[in-house]
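Below: one structure, written as structure tokens.
The values are calculated or read from the model by the stated rules, or taken from the named source; none is laboratory data. If you're wondering where the values come from, they're calculated on a predicted model, not measured in any experiment. Heads up, the Cβs are rebuilt from the backbone with ideal geometry, glycines too, and the neighbour counts pull from every protein chain shown. The accessibility values were calculated without ligands, DNA or RNA, using every heavy atom of the protein model including side chains. Shrake-Rupley method; radii C 1.70, N 1.55, O 1.52, S 1.80 Å.
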Amino acid sequence: TSADGRIEIWSSGALGVPAYQGTQFAEINANNDATLYFDVVTVPGVTMNWSFAHRGRAGTDCIALLINAPGAPDNQINQFCTGNTAWSLYSGSYVVPAGQYVTRFFYKAVSTATGNKSVGNFLDAITFEAAANTFELFLGNDTNGVPISSNETGVFSGLDEGTYSIKFLDNLTGCFVS
């Protein structure tokens, strides 16, 4: 969403900066402050895992990750500030809200080390993917209501003695088994 519609794609090693992964990486501030986004078709209730590598160009640059439906109010997940001596890999997860069938993941330039809006915020190795499975743990014999814990492995530790029920959700199909 740069005013001039540009981003820069760099080859690994340009100006001494290696790509984090592969042979290229992006600089979202080609000529001015910018936002780089991706729209992904999603299923409500599915956990989406995200990750990206970030690096400053001339010092410490800051970028914000926002996730929401296209056209919805900004929903900033976090702000990430990274120096220019090495890449940092950031990751997390996002549960798609009810009624949201397209999810926009976008990176917004916050600041650059030089203050020059045409220099900074390198991105590489961007991924968005549905967590393959989600396991939800319920107290008792009923899988309705709010789970007491959930994860992607189905391994729950530190439980008190008692009766528990597990609901398995296949995030790729949206089907579940209790």
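Can you give the alpha-carbon Rg of segment 94-133 over 2.2 N^0.38 Å, where N counts its residues?
This ratio for segment 94-133 stands at 1.70.
May I ask for the net charge around Phe122, where only other residues with Cβ less than 12 Å from the Cβ of Phe122 are counted and Lys, Arg are +1 while Asp, Glu are -1? Net local charge, Phe122 excluded: -2.
Considering only the other residues whose Cβ falls under 14 Å of the Cβ of Ala34, what net charge follows from Lys and Arg at +1 and Asp and Glu at -1?
Residues near Ala34 contribute -1 overall.
A 1.4 Å probe run over the protein chains yields, for the chain, 53 Å² of accessible area per residue, whole-number rounding. Once the Cβ-Cβ distance of Val102 and Asn141 is raised to the sixth power relative to R0 = 41 Å, the FRET efficiency obtained is 0.65. Give me the percent of the accessible area of the chain that comes from carbon and sulfur atoms, probe 1.4 Å, all protein chains in place. The value for the chain is 50 percent carbon and sulfur by accessible area. If R0 is 25 Å, the Cβ-Cβ spacing of Val110 and Ser149 corresponds to a FRET efficiency of close to 0.15.
What does the highest-first list of 48-57, 97-106 look like by mean Cβ count within 10 Å?
The most tightly packed comes first, giving 48-57, 97-106.
Just need log10 I(q)/I(0) for segment 27-178 at q = 0.09, 0.11, 0.21 Å⁻¹, Debye formula, equal scatterers on the alpha-carbon atoms, no solvent, rounded to two decimals. For the requested q values the scattering log ratios are -0.39, -0.54, -1.20. With a cut-off of 15 Å between beta carbons, the residues surrounding Asp4 carry a summed charge of -1, where Lys and Arg count +1 and Asp and Glu -1.
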